[in-house]
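Student: Please see the structure below; I have some questions.
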Amino acid sequence: MAAARRVVSRLRVAPMMALSNTMATSLSSSCNTETPSLSTKCLRFSSSSSPSSKSTLLGWNKTANKLPSIVKAGEPVLHEPAREVDPNEIKSEKIQSIIDDMIRVMRKAPGVGLAAPQIGIPLRIIVLEDKEEYISYNTEEETKLQDRRPFDLLVILNPKLKNKSNRTAFFFEGCLSVDRYQAMVERYLDVEVAGFDRHGNPIKIKASGWQARILQHECDHLDGTLYVDKMVPKTFRNWKNVDLPLARGCPKLGPRA
């Protein structure tokens, strides 16, 4: 159970530690090396100057060769719905540069997913990617528990997510915008996402397991929802306490019966 709980779900990869299992992860965020594993949501950055949604939308004054910082819980951009990208603007220099920044931030974290609001940009754009290198930080048992397989870089604009079955599971999930914490979240195990790729072409992705959880975590960001808005409250914990037993009454990890 300790391994299962540790693996459960974060969206960030910490090369020195084991990966986590839900996306949730988060893809999760922290710049501290004491933070374990890979999370579902996303990146790892210090956020000294977090851009507001207004300044980002109106200004978008990118500093040459400087990556944006991850914004943290409390920033309005993380708690409000993002707006759709005009399909006619997808190929513009502005949108393409935002996508490039998102990919670089995600990989530098390193993480397996990122939504534009996490770098202060209130647009409906997500990126995700998982590599053999990241998975190798896991034990074989952890990888199996995560139902995890590598997948190539995906860039999706204006994603629309549908649940493709009623199968759900409980996993721990963290987020780079909620430093050093995680909690149990219920996620669908099979989803379909439709939207546009970075070239403006329609795409449709069918995903299950780990990838499905990442997609749900990232799409939640676009609706102004953090994993803490969906968590089982009594499972919320600091990463240092990740292996402690669950409180009475908490659901069991894994698929629901």
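The values are calculated or read from the model by the stated rules, or taken from the named source; none is laboratory data. None of these values were measured; they are calculated from a predicted model. Glycine also receives a Cβ, built like all others from the backbone with ideal geometry; neighbour counts cover every protein chain displayed. The protein model used for the area step is the full one, side chains on, heavy atoms only, and it has no ligands, DNA or RNA in it. Shrake-Rupley method; radii C 1.70, N 1.55, O 1.52, S 1.80 Å.
Okay, residues lined up against (1) in contact with a Cys (Cβ under 8 Å, 6 or more places away or on another chain); (2) buried (at least 16 other Cβ atoms within 10 Å of the Cβ):
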position	(1), (2)
Phe196	no, yes
Ser208	no, yes
Leu226	yes, yes
Pro255	no, no
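Student: Something else about it: Going by what's in this entry, would Gly174 be described as at pLDDT below 95, open to solvent by less than 10 Å² (accessible area, probe 1.4 Å), closer than 18 Å to Met106 by Cβ and of a type in the set (Gly, Ala, Ser)?
Tutor: Judged against the criteria, Gly174 is a match.
Student: Quick check on my filter: what residues within region 210-224 are open to solvent by 10 Å² or more (accessible area, probe 1.4 Å) and among the β-branched types (Val, Ile, Thr)?
Tutor: Within region 210-224, no residue meets the criteria.
Student: Hey, could you check region 126-171 for residues that are under 15 Å from the mean Cα position of the chain (by Cα) and acidic (Asp, Glu) and say which is modelled with the highest pLDDT?
Tutor: Glu129
Student: Those residues that are more than 23 Å from Asp152 (Cα to Cα), among the hydroxyl-bearing types (Ser, Thr, Tyr) and either surrounded by fewer than 15 Cβ atoms within 10 Å (Cβ to Cβ) or touching a strand residue (DSSP E or B) at 6+ places or on another chain (Cβ under 8 Å) (or both), I need them from region 66-118; list them, please.
Tutor: Of everything in region 66-118, just one residue is more than 23 Å from Asp152 (Cα to Cα), among the hydroxyl-bearing types (Ser, Thr, Tyr) and either surrounded by fewer than 15 Cβ atoms within 10 Å (Cβ to Cβ) or touching a strand residue (DSSP E or B) at 6+ places or on another chain (Cβ under 8 Å) (or both), namely Ser92.
Student: Residues of region 226-254 being within 30 Å of Ala82 (Cβ to Cβ) and assigned to a strand (DSSP E or B), which ones?
Tutor: Within region 226-254, Arg237, Asn238 qualify.
Student: Do we find a residue being out of contact with any Phe, Trp or Tyr (no Cβ under 6 Å at 6 or more places or on another chain), modelled with pLDDT under 95 and not hydrophobic (A, V, I, L, M, F, W, C) anywhere in region 217-240?
Tutor: yes
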